[in-house]
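> Take this structure, written in structure tokens, and hold onto it; I'll ask about it next.
A short reminder: the numbers here are calculations on the coordinates, not readings from a lab. The structure displayed is predicted, hence computed values, not measured ones. Note: ideal-geometry Cβ built from the backbone for every residue, glycine included; neighbour counts use all protein chains shown.
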Ligand SMILES: NC(=O)c1ccc[n+]([C@@H]2O[C@H](COP(=O)([O-])OP(=O)(O)OC[C@H]3O[C@@H](n4cnc5c(N)ncnc54)[C@H](O)[C@@H]3O)[C@@H](O)[C@H]2O)c1
């Protein structure tokens, strides 16, 4: 199958590219390298002419030309502005990338007869959910421009299906962690703890450390995308998470154990606007995609720390 991956030089996108190539597919990446890194595509480059990367903004009309030439059967759309805080500071920039960008990708898909678009949405669309783990059919309640732009992407997918018959699957990702996650952003607390603990640098836990998140290993997320590239899950929307909540304080302990470091974080006041708790129910993804999370947190953290260690050596 020919698959175009937007944001394919990023953390999740590059792991997806490796999986798709291992499955025997032909892959093209569109990425502007605003946060992605060519190093992430080192293994992919060994796939020869089954793989190519194009340095382009997803809004660039050249993406349409590339699509016309490659004729992707599926587009996995992951390129995005991913920071909630940046979206609050500059909502227009977020909308340009995440709304205009998604419409550009869908327009290219429509012009070249792409069968399906698989979209990376976020649990941010649920706002402050009343029930945890959040059921797959829970109401959305976007409380940041980032959440609004992701939800708008979901709406545009349904619109393009109704109007042009392009199939889609939306994957609502919880907190993804694993190899290639950058500690530089604010999204990757696992990457931040891992780097600091391996370097012997101080770590900070906000509030009393009781805030919870649902950590899902990148290999499991990529498996969800790979399944959604087929016929399964057409027109569907699935949470990809574990359903389990892990507190910030427990996460610190687990990363410290994996890194062989001491478990003594500093504490700072809670950050305004931080969500107290989150986890999502993955059951519908089992029914719709045959997907379930397979990697427990301790094992995933072990692999993540091993990767971070190797990168240092
Ligand atoms: N990491 C998570 O926990 C998480 C959770 C929920 C949703 N998501 C979504 O998953 C997707 C991938 O996230 P990630 O964590 O791998 O982030 P990432 O920053 O590593 O990847 C995003 C990629 O998109 C590229 N990009 C950004 N703007 C672009 C543009 N205008 N044109 C072309 N390329 C562009 C970046 O260079 C980068 O390679 C995003 O859509 C994000 O919103 C991630």
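> Please report the antiparallel percentage of the DSSP beta bridges confined to the chain, to the nearest 5.
Of the beta bridges lying entirely in the chain, close to 5 percent run antiparallel.
> Using Cα-only point scatterers and the Debye equation, what is log10 of I(q)/I(0) for the chain at each q in 0.11, 0.15 Å⁻¹, rounded to two decimals?
Log-scaled intensity ratios, in q order: -0.65, -1.24.
> What order do you get for 5, 131 when you list them from fewest to most C-beta neighbours inside 10 Å?
With the fewest neighbours first, 5, 131 line up as 131, 5.
> Please list the equivalent ellipsoid semi-axes of segment 1-160, computed as the square roots of five times the alpha-carbon gyration tensor eigenvalues, in descending order and whole angstrom.
That gives 27, 16, 16 Å for the three semi-axes.
> D for segment 216-267, whole µm²/s, Stokes-Einstein with Kirkwood Rh over alpha-carbon pairs at 25 °C and 0.890 mPa s: what number?
Answer, rounded: 178 µm²/s.
> Which of 105, 204, 280 moves most in a GNM of the chain, Cα contacts under 10 Å?
Ranking 105, 204, 280 by mean-square fluctuation puts 204 first.
> While we're here: Grab the alpha carbons of segment 261-313, take their convex hull, and tell me the volume per residue in Å³.
Taking the convex hull of the Cα positions in segment 261-313, it is 170 Å³ per residue.
> R0 = 22 Å: FRET efficiency of residue 298 with residue 130, Cβ-based, nearest 0.05?
The calculated FRET efficiency here is 0.15.
> Could you tell me how far the Cα centroid of segment 110-132 sits from the Cα centroid of segment 240-277, in Å?
Between the Cα centre of segment 240-277 and that of segment 110-132, the gap is 26 Å.
> Could you please state, rounded to a whole Å, how far the C-alpha centre of segment 141-163 is from the C-alpha centre of segment 180-231?
So the separation of the two Cα centres works out to 24 Å.
> Find the centroid of the Cα atoms in segment 1-57 and in segment 84-100, then give the distance between the two in whole Å.
Cα centres, segment 1-57 to segment 84-100: 24 Å.
> If you don't mind, there's one more thing I want to ask. How much length, in nm to one decimal, is gained on full extension between residue 139 and residue 38, taken as 0.36 nm per residue of separation minus their Cα-Cα distance?
My answer for the length gained is 32.5 nm.
> Same structure again: When the helix-only estimate is applied to the chain (DSSP H runs of n ≥ 4, each -39,500 (n - 2.57), divided by the residue count), what is the mean residue ellipticity at 222 nm, nearest 500 deg cm²/dmol?
-11500 deg cm²/dmol
> Moving to a separate point now. What does the convex hull of the Cα atoms come to per residue for segment 197-313, in Å³?
Here the figure is 117 Å³ per residue.
> Also, quick follow-up: Compute the FRET efficiency between residue 96 and residue 275 as 1/(1 + (r/R0)^6), taking r as their Cβ-Cβ distance and R0 = 41 Å, and round to the nearest 0.05.
Once rounded, the FRET efficiency stands at 0.95.
> With the chain treated as a Gaussian network of Cα nodes joined by springs under 10 Å, which of 69, 231, 154 yields the largest mean-square fluctuation?
69
> How big is the C-alpha Rg of segment 41-105 next to the rule-of-thumb value 2.2 N^0.38 Å, as a ratio?
Rounded to two decimals, the normalised Rg is 1.33.
> Which number comes out as Rg/Rh for segment 93-233 once both Rg and the Kirkwood Rh are worked out on C-alpha atoms?
1.01
> When all alpha-carbon pairs of segment 157-255 are counted, what percent fall beyond 18 Å?
Looking at segment 157-255, the distances longer than 18 Å represent 57 percent of pairs.
> Over the chain, with a Gaussian network built from C-alpha contacts below 10 Å, which listed residue (156, 217, 177) shows the highest mean-square fluctuation?
156
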